[in-house]
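Quick notes on the structure that follows.
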Amino acid sequence: MDDIAYTKLVPTPSPTSQPHWDGLNRHTYLLQKCSDCGRIRHYPRPVCDGCYSMRYDWVAASGRGKIHSWTVTYHPFHPGWKEDLPYILATVDLEEGVRMNARLRGVEQSALKIGLPVRIDYETVKDGLTLPVLVADR
């Protein structure tokens, strides 16, 4: 990987979210699970929004879900994405009951519909940074 060639914004993991990013580098989508009430949550955060516990474990997601919504981007919000236009950003309901969003690849705009089955795939964009992408689950 050539770090110099990657011109897009990159996340800055926090101590709470670092295991999530480490999982992505291993091609595993990790979600937090409350150790007290069992609630699954995403995005990573220190406190359960169900019981307010600060205890949690990490569990691997199935990687499967269905499109809840999407947007097609025609104008870059950052110069690094200009070459990718247009691209689709999808919000997905994962089987575990949480939502995530990521770029949708390999699906024509005309085929988009709410409920379209998708799965998480992984794209290593530079050394130490793998991002989730969504692809149709056929």
Among strands (runs of 3 or more DSSP E) completely within segment 52-96, the ones holding 2 or more residues that are more than 22 Å from Ile114 (Cα to Cα) and modelled with pLDDT of 95 or more are 56-60
Here's a check for you: in segment 110-128, which residue that is touching a residue at least 24 places away in the same chain (Cβ under 8 Å) and in contact with a Pro (Cβ under 8 Å, 6 or more places away or on another chain) is surrounded by the most Cβ atoms within 10 Å (Cβ to Cβ)? Ile120
Scan segment 97-108 and give yes if some residue there is out of contact with any Asp or Glu (no Cβ under 7 Å at 6 or more places or on another chain), within 15 Å of Asp121 (Cβ to Cβ), in a helix (DSSP H, G or I) and among the hydrophobic types (A, V, I, L, M, F, W, C), otherwise no. no
Any idea which residue in segment 60-88 is farthest from Ala5 (Cα to Cα), counting only those that are aromatic (Phe, Trp, Tyr) and surrounded by fewer than 17 Cβ atoms within 10 Å (Cβ to Cβ)? Tyr74
Of a type in the set (Lys, Arg), open to solvent by 50 Å² or more (accessible area, probe 1.4 Å) and within 13 Å of the chain's Cα centre (by Cα) - does that describe any residue in segment 7-27? no
Are any of the residues in segment 89-104 farther than 18 Å from Asp137 by Cβ and exposed (fewer than 14 other Cβ atoms within 10 Å of the Cβ)? no
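The values are calculated or read from the model by the stated rules, or taken from the named source; none is laboratory data. Worth saying up front: this structure is predicted, and the values here are computed from it rather than measured. Ideal geometry is used to build each Cβ from the backbone, glycine not excepted, and the neighbour counts take in all protein chains shown. Accessible surface areas use protein heavy atoms only, side chains included; no ligands, DNA or RNA. Shrake-Rupley method; radii C 1.70, N 1.55, O 1.52, S 1.80 Å.
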